[in-house]
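The values are calculated or read from the model by the stated rules, or taken from the named source; none is laboratory data. On a predicted model such as this, the values are computed, not experimentally measured, just so you know. Positions of Cβ are generated from backbone atoms using ideal geometry, with glycine treated the same way; all protein chains shown enter the neighbour counts. All accessible areas refer to the heavy atoms of the entire protein, side chains included, with ligands and DNA or RNA removed. Shrake-Rupley method; radii C 1.70, N 1.55, O 1.52, S 1.80 Å.
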Amino acid sequence: MPSVSRIYDYYLGGSHNFEVDREAARQAMAAYPGLPKIMQANRAFLRRAVRFAVAEGVTRFLDIGSGIPTFGNVHEIAQRADPRSRVVYVDHDPVAVEHSRAVLAGNDRATVVAADLRSPDDILGSPPVAELLAPGRPVALLLVAVLHFLQDADEPRKAVAGLRDALPSGSLLILTHATEQDGPMRPEAGERVRGVYQAIGSPLCTRSRDRVADFFEGFTLVEPGLVPMDAWRPEDDGPGAPAPGGMDGRAGAAGFAGVGRKP
């Protein structure tokens, strides 16, 4: 069965994927060829947000729905900015978890936990996460490109609230979420892409800006607020980075991105 995390790895040009994943990705790209650009915009936001967190003095990261932590993921970015950074990845896909363990072997400041966002108590009760949260220092909670795989029946707002309540004051929520509101994808293409993910057992639930904003309840959004992915502090990408709106068909507008701080 294709895996969402391995399909994402394929979009990014990674090597931790199988032919079954590549075939599903090709089907989705046949509906909308700009999908890799969307994933690249998502990953670029992730880099900027992690660097922002470290610059704010936050060096503990809890990345839920992490997939396979390769190709410039959280531990590489954070530990490059501050070698003391600690990262706990969480994913429910057993293949992604095993890949993660292999990738992280020898890194004593990064580990992976097998758990599901729909069961936040399982995440919070795992020893690596409990240790990460126990000292009371701020933590950056990353929910990047994961909440749109939870249906309303999964009660995603309740899951996020449970995680929020366990975070120390000063912690950050780093989040992206797929949308079709004012995005580059036409409705018929969006329907075909959703059909591919439905067929592999990972239905995609796009949401409006207002509904994505609801996940930030209990957090104060930092500037520039909840915006298209490529519009969140694009200057932090450095010289030569694409300007907002400069990617294929406004790829960055296919998802909202934001960072919130817990008072």
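Some notes on this structure:
- Counted residues, segment 45-57 - those being out of contact with any Asp or Glu (no Cβ under 6 Å at 6 or more places or on another chain) and surrounded by fewer than 23 Cβ atoms within 10 Å (Cβ to Cβ): 7
- Flag if HIS177 is open to solvent by less than 50 Å² (accessible area, probe 1.4 Å), outside any helix (DSSP H, G or I) and farther than 26 Å from ARG84 by Cα: yes
- Qualifying residue in segment 102-117 (condition: touching a residue at least 40 places away in the same chain (Cβ under 8 Å) and among the charged types (D, E, K, R)): no
- Segment 217-248, subset open to solvent by 50 Å² or more (accessible area, probe 1.4 Å), in a loop (DSSP other than H, G, I, E, B) and more than 15 Å from ARG48 (Cα to Cα), residue modelled with the highest pLDDT: GLU217
- Residue among VAL113, VAL129, VAL58, VAL50 that alone is at pLDDT 95 or above and under 15 Å from the mean Cα position of the chain (by Cα): VAL50
- Residue within segment 87-104 that is in a loop (DSSP other than H, G, I, E, B) and loosely packed, with under 15 Cβ neighbours inside 10 Å present: no
- Segment 105-142, residues that are of a type in the set (Val, Ile, Thr) and not in a helix (DSSP H, G or I): THR111, VAL112, VAL113, VAL139
- Considering segment 143-166, the residues that are assigned to a helix (DSSP H, G or I) and among the small types (Gly, Ala, Ser) include one that is surrounded by the fewest Cβ atoms within 10 Å (Cβ to Cβ), namely ALA153.
- Helices (runs of 4 or more DSSP H) wholly inside segment 1-80 containing at least 3 residues that are within 17 Å of VAL193 (Cα to Cα) and either in contact with a strand residue (DSSP E or B) (Cβ under 7 Å, 6 or more places away or on another chain) or aromatic (Phe, Trp, Tyr) (or both): 4-11
- Test: GLY170 is part of a loop (DSSP other than H, G, I, E, B) and in contact (Cβ under 8 Å) with a residue 60 or more places away in the chain: yes
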